[in-house]
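This report refers to the structure that appears directly beneath it.
The values are calculated or read from the model by the stated rules, or taken from the named source; none is laboratory data. These figures come from a predicted structure and were not determined experimentally. Ideal geometry is used to build each Cβ from the backbone, glycine not excepted, and the neighbour counts take in all protein chains shown.
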Amino acid sequence: MKDALIFLIDTFTRLYLLILLLRFWLPMVRANFRNPVAQGVLRYTSPAVVPVRRFIPAIGKLDTATVLVALAIQVAATILILLIVRGPVVFDAFGSAFPTIVFAALVDLASMSVMMFIVAIALRVILGFFGRYLGPLSDLLNDLTEPLLRPMRKILPPLGVVDLSAYLVFILLIALNMVLADLRPAI
């Protein structure tokens with residue numbers, strides 16, 4: 001029973017965090033917000049982000065309200081899972097463990113962002129390989145990944161129809177995720 005509950009909490013939390021992270025990254029990569037997928041991201045995240053934005057304004061392009069909401073959700077999910085696994089004993093050391101939980105949550109959010117870009121690049125390569133265009137989803141994948149791929153094309157120009165910049169960025173992102181995994185403290 002515990003495992004199923006932890007699985008459900010973790011899965012639904014990560015799904016919503018992924019949508020929040022998309023909301024965070026889309027303006028950073030200058031994505032088209034008229035895209036129906038981007039509109040859906042805004043629609044699903046606005047109830048959580050807009051009230052926080054009234055008190056915490058953005059810093060330039062950095063959407064601090066979205067980051068704060070995502071961090072709060074990740075910290076709450078971590079604490080809830082710890083309560084399920086360890087029971088009320090977790091509150092005995094909660095005060096001293098809280099900074100560690102917050103740092104772990106930040107690392108988890110960074111890792112999820114990296115994974116989001118890895119999956120977006122992989123989907124873009126696969127769709128490009130098969131010559132598939134999936135409308136707004138393809139446009140969003142291009143908007144999301146192009147800022148990462150464009151600088152690499154200057155270093156490694158395409159070889160005919162094969163664009164190796166995607167593979168190079170893919171490898172670098174996987175390495176970055178490995179570094180983030182090493183930074184994450186055990187809770």
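Would you pick out the residues in segment 117-148 that are hydroxyl-bearing (Ser, Thr, Tyr), in a helix (DSSP H, G or I) and over 19 Å from Phe24 (Cβ atoms)? Residue satisfying the conditions is Ser138 alone. Against the list (1) touching a helix residue (DSSP H, G or I) at 6+ places or on another chain (Cβ under 8 Å); (2) of a type in the set (Gly, Ala, Ser); (3) closer than 24 Å to Tyr16 by Cα, the condition Ala166 fails is (3).
Restricted to segment 44-79, and to residues there that are part of a helix (DSSP H, G or I) and touching a Ser or Thr at 6+ places or on another chain (Cβ under 6 Å), the residue that is farthest from Ile9 (Cα to Cα) is Val49. For segment 87-106, the criterion of being out of contact with any Pro (no Cβ under 7 Å at 6 or more places or on another chain), over 23 Å from Pro136 (Cβ atoms), in contact (Cβ under 8 Å) with a residue 40 or more places away in the chain and surrounded by 15 or more Cβ atoms within 10 Å (Cβ to Cβ) is met by at least one residue. Among the residues of segment 121-135, at least one is within 17 Å of the chain's Cα centre (by Cα), closer than 15 Å to Asp163 by Cβ and surrounded by fewer than 16 Cβ atoms within 10 Å (Cβ to Cβ).
Residues being aromatic (Phe, Trp, Tyr), part of a helix (DSSP H, G or I) and over 28 Å from Ala104 (Cα atoms) are represented in segment 166-181 by at least one member.
Residue check: Met152 meets all listed conditions (1) of a type in the set (A, V, I, L, M); (2) assigned to a helix (DSSP H, G or I); (3) closer than 23 Å to Asp108 by Cα but one, namely (3). If you go through segment 114-134 and keep only what is without any contact (Cβ under 8 Å) to a residue 24 or more places away in the chain and aliphatic (A, V, I, L, M), you end up with Val119, Leu123, Ile126, Leu127, Leu134.
Consider segment 90-145 and keep the residues that are at pLDDT 85 or above and out of contact with any helix residue (DSSP H, G or I) (no Cβ under 9 Å at 6 or more places or on another chain). The one that is farthest from Ala175 (Cα to Cα) is Pro99.
Answer yes if at least one residue in segment 2-25 is basic (Lys, Arg) and under 15 Å from the mean Cα position of the chain (by Cα), and no otherwise. Yes, segment 2-25 has at least one match.
Scanning segment 4-43 for residues that are of a type in the set (Phe, Trp, Tyr) and either surrounded by 15 or more Cβ atoms within 10 Å (Cβ to Cβ) or touching a Ser or Thr at 6+ places or on another chain (Cβ under 9 Å) (or both) yields Tyr16, Phe24, Trp25.
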